[in-house]
Amino acid sequence: MAEAHTFYLEIITPERQFYIGPAEALILPAVDGEMAVMAHHESEIVAVKAGEMRFQATEDGPWEAAVVGQGFCEIANNRVMLLADTIEKPEEIDRIRAQEALERAKERLRQKQSISEYYSTRAAMARALVRLKETEKFVN
């Protein structure tokens, strides 16, 4: 009976396999807003932006949180594959490094840039802000 409420979830980056196994729910930061995925979700491919991702492996289990970078999520046949450029648990984030990355991005925004450099800088700034926001949740 528990099988009917779960789906197979893979969360992968180029560096590691973050999670592979059953899941009850996944909440991810999609480009057009936060999105929830549950068992037997409609097939689709979703663009993922930098932000907080959460998933629950079992119905009574704890919600696992992580900071995910840009990527995409493929949902098909009760299987979900989330591929992202980065993913970190909040306790893995180096707050000082994230603050330094934010300052570098702010400085680059003050300089004259090409359109592609501007968007790259905005993405770096978004990643740093999300990382800092997540570490604050676990410090307080």
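Nothing in this text is a laboratory measurement; each read-out follows from the coordinates by a stated rule. These numbers were taken from a predicted model, which means no experiment stands behind them. Cβ: placed from backbone, ideal geometry, glycine included. Neighbour counts: every protein chain shown.
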Checklist outcome for this item: Highest mean packing first, using Cβ neighbours within 10 angstrom, the peptides 96-102, 18-24 sort as 18-24, 96-102
Checklist entry - When the helix-only estimate is applied to the chain (DSSP H runs of n ≥ 4, each -39,500 (n - 2.57), divided by the residue count), what is the mean residue ellipticity at 222 nm, nearest 500 deg cm²/dmol? => result -10000 deg cm²/dmol
Checklist entry - Based on the Cβ-Cβ distance from A65 to K112, what FRET efficiency comes out when R0 is 35 Å, to the nearest 0.05? => result 0.40
Checklist entry - Roughly how big is the range 96-140's charge dipole about its Cα centre, with Cβ charges of +1 (Lys, Arg) and -1 (Asp, Glu), in debye to the nearest 20? => result 80
Next on the checklist: Going by amide H atoms built from the backbone, whose H comes under 5 Å of the H on A50, apart from near neighbours?
Outcome noted: Q70
Checklist entry - Say the dipole of the chain comes from +1 at the beta carbon of Lys and Arg and -1 at that of Asp and Glu; which of T58, I12, Q99 then lies farthest toward its positive end? => result Q99
Next on the checklist: Tell me the relative contact order for the range 28-108 as a rounded percent, counting alpha carbon contacts under 8 Å between residues six or more apart.
Outcome noted: 24
Checklist outcome for this item: Computed over the chain: longest principal axis from alpha-carbon atoms vs helix 115-139 long axis, angle to nearest 10 degrees, is 60
Checklist outcome for this item: For the range 20-140, the charge dipole (Cβ of Lys, Arg +1; Cβ of Asp, Glu -1; about the Cα centre) points to a positive end, and the Cα of V67, G21, M35 closest to that extreme belongs to V67
Item to check | In degrees, nearest ten, helix 95-110 long axis to first principal axis of the chain (Cα) | outcome: 60
Checklist entry - What nm value, rounded to one decimal, do you get for the distance between D94 and E15 when each label is placed 7 Å out toward the C-beta? => result 1.0
Item to check | Under the Karplus curve 6.51 cos²θ - 1.76 cosθ + 1.60, θ = phi - 60°, whole-Hz ³J(HN,Hα) for the range 67-74, x wherever Gly or Pro sits | outcome: 9, 10, x, 5, x, 8, 10, 9
Item to check | Lys, Arg +1 and Asp, Glu -1 on Cβ, resulting dipole of the chain about Cα centre, debye, nearest 20 | outcome: 880
Next on the checklist: Can you compute the charge dipole magnitude of the range 6-83 about its Cα centre, using +1 on each Lys and Arg Cβ and -1 on each Asp and Glu Cβ, nothing else charged? Give it in debye, rounded to the nearest 20.
Outcome noted: 200
Item to check | Answer label, with Rg and Dmax of the Cα atoms in Å calculated from the coordinates and candidates [x] 15.1, 47; [y] 16.3, 59; [z] 13.8, 41 | outcome: [y]
Item to check | For Y19, residues with placed amide H under 5 Å, excluding near neighbours | outcome: I11
